[in-house]
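Notes follow once the structure below has been shown.
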Amino acid sequence: MATRTWEQMTPKLSSTTLTTLQEFGFDQTTPVQDKSIPLFLQHKDVVVEAVTGSGKTLAFLIPVLEILLRRETWLTSHQVGAIIVSPTRELAKQIHAVLVPFIQTLQATEGGKRVPTSVLLVGGSSVEDDVAKLKTSGAHILVATPGRLEDIMQKNILLFKELSILVLDEADRLLDMGFEQAITYIISRLPKQRRTALFSATMTDAVNELVKAGLRNPVSVVIKQPKMDLDQRTPESLNIYHMITTYEEKLPILLNLMASNPNKKFIIYFATTACVDYFYKVITSLTELASTWSIVSLHGKMDPKRREAVFAKFNTITTQSMLLCTDVAARGLDIPDIDWVVQFDPPQDPKAFAHRCGRTARQGKEGAALAFLTKEEDAYLDFLRIRKIPTSEFDSSVLPRTYTTASVATLLRKLNTHDRDIYDKSITAFVSWIRAYKEHHANAIFQFRKVDIADLATAFGLLRLPKMPELAQKDTSNFKPAQIDLDSINYKDKLREKARLAKLAAKRASAAAATPPVQFDVRNSKPWSQQTARKEMRVERREKRVKKREAIARATSTPVIESGIATTQHTSQQSSGPKGKKRAVVDEGEWLELQNEVRLMKKIKKGLIKEDSDMD
């Protein structure tokens with residue numbers, strides 16, 4: 001699509017705007033700027049769908065300034081003329097940083113007359129500080145995140161009746177992040193006679209509903225990069241690769257990719273913040289990399305001030321640097337000169353795939369992106385093709401073999417056994433990865449039941465598998481646990497190690513106190529010879545009882561008695577019983593005693609005698 005110089009744009013831009021653009025080296029408009037700015041300046045609502053990195057920020061900042069400067073009646077200090085809503089504080093800060101030079105140029109040329117003021121309203125700072133600043137100075141342009149803007153609006157310290165422009169940047173992400181209620185409230189507080197611009201990388205059903213609710217007869221602008229056809233929705237200068245690999249091979253391939261691309265700038269995306277923390281610790285432990293590369297990490301759970309410092313540091317580094325992050329940095333952030341984007345883990349939300357890739361190849365520059373997938377996840381490639389994101393297979397044979405799978409696996413276990421902090425992080429990262437994977441939006445492709453747990457655990461350098469319900473039905477037989485006492489792994493930090501040892505000692509003492517004392521068995525205290533004699537006596541008594549019962553049974557059924565004396569037939573030999581069993585031999589004395597008992601029992605049954613009197 002042909003573009004033009006800023007001077008050729010109709011309606012004409014103000015001289016101060018043109019001066020600022022020239023100072024920053026913006027000579028030509030981009031397609032999104034060329035199409036959307038004139039419509040905005042003609043007081044039309046616009047819905048802009050454009051690929052990432054297309055120059056959207058200037059496409060709405062320039063109309064905001066131009067429309068405010070052309071107002072017939074100037075605003076008072078507390079009257080708001082424009083609001084720009086962004087999903088994240090990092091993106092809002094970038095937008096405000098681009099806006100400030102335009103305002104400074106106006107202040108220098110206009111002498112302070114009819115110069116709009118601006119304020120940045122984002123989380124991470126005190127609401128009370130923002131309120132105090134606004135009460136004192138007010139602001140004409142608000143660049144804000146939805147939550148903080150909603151808080152400020154509820155304080156009723158600013159006036160919105162004169163508002164001319166509302167810009168919703170990254171609208172699809174605003175809705176994905178759950179800001180729909182806040183956006184609805186913000187729109188309800190603004191005058192209906194305003195211009196609204198909505199910028200989005202994708203037009204989802206939710207975005208279309210927002211368009212219906214918040215815009216009036218909008219003009220749709222769809223921008224495609226030069227040479228882009230209907231089969232592709234990513235920039236032509238962006239090369240997207242995929243690689244089918246195992247979990248264990250991912251880290252060695254990444255390290256070899258770094259080794260083969262010195263003086264390049266990388267962004268590596270992981271599934272969770274715990275994974276970022278763990279692999280940051282691992283990679284920075286490699287002396288040869290840590291000494292030559294600038295490696296930083298960024299995720300949403302960081303302290304806001306630390307996030308800002310990390311982001312600023314990475315922006316200033318030009319080459320041989322790496323940012324490990326989650327999707328907090330996947331959208332909208334303008335990080336200059338990114339050469340490689342590596343998706344170590346596929347995004348939980350498939351829509352984030354293109355936005356991750358879009359951190360490179362911005363403003364027409366060349367860039368490459370690589371996504372790791374396992375063989376069980378290869379259906380994701382068809383899914384991407386349906387979404388018009390074609391990929392090519394990456395040839396890993398061109399990479400050096402500096403880091404092998406075996407050497408990295410050994411290294412990971414060595415790190416885990418020498419520093420308990422790394423060991424703890426490996427467990428936390430492994431657990432968080434599994435739980436994130438189970439919640440994948442494309443769970444028809446990313447199926448947890450197909451995950452090779454042994455391979456995954458090895459990729460995290462685990463010494464033992466953690467106890468978690470998700471592993472109860474999984475085959476873990478191929479995983480080889482390390483033969484090591486886990487309590488022997490120390491923290492390198494002396495204070496943490498001291499606290500751990502104290503806690504471990506207390507735990508052991510508590511366990512010992514809870515164990516019941518061993519009871520002394522008096523029976524076992526006698527000599528072994530006496531114990532044996534007692535056992536023999538018990539056996540003898542048991543045999544006598546058996547003989548007695550058998551004799552009674554025979555006597556009651558077929559007694560053979562001659563003058564009260566048993567014949568020698570019953571006493572001199574054993575006789576065969578039922579089923580071939582032998583009857584026990586009974587001597588004559590026992591036999592007479594048994595006969596007497598039998599006779600007594602018969603008399604008792606006939607009632608001839610009482611049981612108590614005769615049995616005594």
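Close Cβ contacts (under 6 Å, 6 or more residues apart or on different chains) running from residues in region 239-264 that are surrounded by 20 or more Cβ atoms within 10 Å (Cβ to Cβ) and of a type in the set (A, V, I, L, M, F, W, C) to residues that are in a helix (DSSP H, G or I) and at pLDDT 95 or above comprise L251/V408. Checking region 120-137 against the condition returns a match, with at least one residue being over 34 Å from the mean Cα position of the chain (by Cα), hydroxyl-bearing (S, T, Y) and farther than 27 Å from G25 by Cα.
Return yes when I84 is in a strand (DSSP E or B), in contact (Cβ under 8 Å) with a residue 24 or more places away in the chain and among the β-branched types (V, I, T) and no when it is not. Yes: the conditions hold for I84. Could you say whether any residue in region 164-175 is farther than 17 Å from I67 by Cα, out of contact with any Pro (no Cβ under 9 Å at 6 or more places or on another chain) and assigned to a loop (DSSP other than H, G, I, E, B)? The answer is no; no qualifying residue exists. Kindly evaluate R420 against the criterion of being surrounded by fewer than 20 Cβ atoms within 10 Å (Cβ to Cβ) and either free of Cβ contacts under 8 Å to residues at least 60 places away in the same chain or not assigned by TED's automatic domain parsing to the domain that holds F344 (or both). When the stated conditions are applied, R420 does not pass them. Only residues that are assigned to a helix (DSSP H, G or I) and not acidic (D, E) were counted across region 13-47, and they come to 18. The residues on offer are A213, A197, A206, and the sole one that is among the hydrophobic types (A, V, I, L, M, F, W, C), within 29 Å of the chain's Cα centre (by Cα) and either at pLDDT 90 or above or not assigned by TED's automatic domain parsing to the domain that holds L381 (or both) is A206.
For beta carbons closer than 7 Å, sequence separation of 6+ or different chains, a first residue in region 400-414 that is at positive phi and a second that is at pLDDT below 95 and assigned to a helix (DSSP H, G or I), there are no qualifying pairs. Is at least one residue of region 489-498 in contact (Cβ under 8 Å) with a residue 24 or more places away in the chain, in contact with a helix residue (DSSP H, G or I) (Cβ under 8 Å, 6 or more places away or on another chain) and in a helix (DSSP H, G or I)? Within region 489-498, one or more residues are in contact (Cβ under 8 Å) with a residue 24 or more places away in the chain, in contact with a helix residue (DSSP H, G or I) (Cβ under 8 Å, 6 or more places away or on another chain) and in a helix (DSSP H, G or I). Of the residues screened, D339 is one that is within 25 Å of S392 (Cβ to Cβ), surrounded by fewer than 19 Cβ atoms within 10 Å (Cβ to Cβ) and at pLDDT 90 or above. The single condition among (1) free of Cβ contacts under 8 Å to residues at least 24 places away in the same chain; (2) at positive phi; (3) among the charged types (D, E, K, R) that R114 does not meet is (1). Y280 meets all of the listed conditions (1) farther than 21 Å from T391 by Cα; (2) assigned to a loop (DSSP other than H, G, I, E, B); (3) within 18 Å of the chain's Cα centre (by Cα) but one, namely (2).
The values are calculated or read from the model by the stated rules, or taken from the named source; none is laboratory data. Values in this document were obtained by computation on a predicted structure and should not be read as measured data. Counting neighbours? That spans all protein chains shown, and the Cβs are built from the backbone with ideal geometry, glycine included.
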